[in-house]
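Presented below is the structure to which this report refers.
The values are calculated or read from the model by the stated rules, or taken from the named source; none is laboratory data. Because the structure is predicted, anything quoted here is derived from the model rather than measured. Positions of Cβ are generated from backbone atoms using ideal geometry, with glycine treated the same way; all protein chains shown enter the neighbour counts. Quick note on the areas: whole protein, heavy atoms, side chains included, nothing else; ligands and nucleic acids left out. Shrake-Rupley method; radii C 1.70, N 1.55, O 1.52, S 1.80 Å.
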Amino acid sequence: MVVKSDFLRFLRSMSESLRDLAPIILVIAFFQIFVLQQAPENVGSLLVGTVLVVVGLTFFVYGLEMGLFPIGESMAHAFARKGSIFWLMIFAFALGFGTTVAEPALIAISEEASEVAASVGHIPSTEKAMEIYANGLRFTVALSVGFAIVLGVLRILMNWSIHYMIMIGYLIVVIVTAFAPDEIIGIAYDSGGVTTSTITVPLVTALGIGLASSIGGRNPMVDGFGLIAFASLTPIIFVLLFGILI
């Protein structure tokens, strides 16, 4: 009975994934048929790829619901019951750092940035130099997200206003941007987006909701969200500083 219920949930999740992807598929099909007026190359491969995307997205979303969201919330509840702010901060930093350093989008953009930097002569065109540059950028962003999650957890604990914290953060971004080299500004602003992707968002969101639910006087809807905003903001500042220093 449990297996049947899980299977039905999986089928429902697959139908939702197909529904979410339908607008993209329809847009591409419309421009391909009515604007370009030609059949795409490798139609068979495209169809197989589309099916794989639907199945992959289904497994991903289903996995989030079964694993990442529950474990994030349960650990937040456990730390709140334990009452140890020190270990909660350590966990928050480790969660932010660990999820970000493993983020596929961050790995990709770091490697791409190192190749571009080497091609324009900002770093030596050697494999070692490019690896050092990519790892430096990657770990800088990971450290910034770890710091961001700690700051977000402190906001929930201390009931600080997210409005003023975000305004101050972007004011710092504007000031630091004025001193940063032009070559790093675009990378810094993109790094704020690539950190909030497939791995980081579910766990960080679950942590915020679970923590806000466990603390008296906190509203999970009001206080549980907002951690992702910090995770998007602080990488910009850290990467700009990375560009100034390096």
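At-a-glance table
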| item | result |
| --- | --- |
| Hits in segment 31-55 - residues which are open to solvent by less than 70 Å² (accessible area, probe 1.4 Å), in contact with a helix residue (DSSP H, G or I) (Cβ under 9 Å, 6 or more places away or on another chain) and of a type outside the set (Val, Ile, Thr) | Pro40 |
| Residues (within 16 Å of Ile24 (Cα to Cα) and modelled with pLDDT under 75) located in segment 36-77 | Pro40 |
| Test for Pro202: is it surrounded by 15 or more Cβ atoms within 10 Å (Cβ to Cβ), without any contact (Cβ under 8 Å) to a residue 24 or more places away in the chain and within 19 Å of Pro70 (Cβ to Cβ) | no |
| Residue check for Ala188: within 19 Å of the chain's Cα centre (by Cα) and free of Cβ contacts under 8 Å to residues at least 60 places away in the same chain | yes |
| Helices (runs of 4 or more DSSP H) wholly inside segment 155-246 containing at least 2 residues that are at pLDDT 80 or above | 162-179, 182-194, 200-214, 227-245 |
| Residues satisfying the stated conditions in segment 136-168, i.e. within 18 Å of the chain's Cα centre (by Cα) and open to solvent by 50 Å² or more (accessible area, probe 1.4 Å) | Arg138, Phe139, Leu143, Phe147 |
